[in-house]
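Reading through the structure tokens given below for one structure.
The values are calculated or read from the model by the stated rules, or taken from the named source; none is laboratory data. On a predicted model such as this, the values are computed, not experimentally measured, just so you know. Glycine also receives a Cβ, built like all others from the backbone with ideal geometry; neighbour counts cover every protein chain displayed. Accessible surface areas use protein heavy atoms only, side chains included; no ligands, DNA or RNA. Shrake-Rupley method; radii C 1.70, N 1.55, O 1.52, S 1.80 Å.
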Protein chains: 2
Amino acid sequence: MCPASNSSTRWCPTPEQVMILEEMYTRGGIRTPNASQIQQITAYLSLYGKIEGKNVFYWFQNHKARDRQKLRKLLNHHHHHLLSYPDSRPPPVLPQVSHYSSVGFLPQVIDLIYGK
Amino acid sequence: MCPASNSSTRWCPTPEQVMILEEMYTRGGIRTPNASQIQQITAYLSLYGKIEGKNVFYWFQNHKARDRQKLRKLLNHHHHHLLSYPDSRPPPVLPQVSHYSSVGFLPQVIDLIYGK
DNA sequence: TCACTATGAATGAATG
DNA sequence: CATTCATTCATAGTGA
């Protein structure tokens, strides 16, 4: 979020800018805008506040990366499998890790702690 | 501390979880666990209380970052004149484009948003 | 209630 | 693109 007193050096998008960016991402399907797209988007968003091309560039990169991040989004809820979800659930790209046997995984954690 | 009955929004690690995490950090040397490590750690720590993968992820990120931060300030205190600003890096790789016509670009952005 | 600290969470910016 | 780093926001806990 953007503090009122922005003494920061990094870009701080306004709510409108975020809204538009997300709209472009979700509804527009934009993932990796090219140079001219970035330029146009930047020009448009600058109507709502200071912004540069690199901000747009990074925003899409980060958004896409975190959208499908194996961390935080997929690592989390292990199986909320079938629960009356009529639609297509998010891609189960679960970082399929070894099923640890009830006897096997504890030692693995020990290894994690003390190095292997 | 963690309240027994938490209506909290954010993760509140139990003392055991913190202890184990710090053990992994210091003795195990774990700094940035990968996806499968995070999974295993999460599974193990869930024996001591509710926890998700992202909590583990963030815990290590923060712990490492604050270690660096501490070290940085320490170094800064000793020779603060030598410490460089974080922004002394090469300019971001920017798809720099020239110019857009002030009349023509807005409709194009609309197209970008809603598809063309 | 306010000030302050520790720390979980988030995200912009980079790097390789 | 994935991964990591730096910095900031947000909030629980605490003391006065």
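Points worth noting:
- Within the stretch B:34-55, the set of residues being more than 7 Å from chain A (Cβ to nearest Cβ) and within 16 Å of the chain's Cα centre (by Cα) comprises B:34, B:55.
- Applying a threshold of 8 Å to beta carbon distances and a minimum spacing of six or more residues, or different chains, the list of pairs starting in the stretch B:10-21 at a residue that is without any contact (Cβ under 8 Å) to a residue 40 or more places away in the chain and ending at one that is open to solvent by less than 40 Å² (accessible area, probe 1.4 Å) reads B:14/B:49; B:16/B:49; B:17/B:45; B:17/B:49; B:17/B:51; B:20/A:113; B:20/B:44; B:20/B:45.
- Failed item in (1) open to solvent by less than 90 Å² (accessible area, probe 1.4 Å); (2) in a loop (DSSP other than H, G, I, E, B); (3) within 11 Å of DNA strand C (Cβ to nearest atom), with residue A:30 passing the rest: (3)
- Residue tally, condition within 14 Å of DNA strand D (Cβ to nearest atom) and within 24 Å of residue A:9 (Cβ to Cβ), over the stretch A:34-63: 9
- When residue A:81 is tested against (1) at pLDDT below 60; (2) touching a helix residue (DSSP H, G or I) at 6+ places or on another chain (Cβ under 7 Å); (3) exposed (fewer than 13 other Cβ atoms within 10 Å of the Cβ), exactly one condition is not met: (2).
- Subset of the stretch B:33-49 [open to solvent by 60 Å² or more (accessible area, probe 1.4 Å) and either at pLDDT below 95 or within 9 Å of DNA strand C (Cβ to nearest atom) (or both)]: B:34
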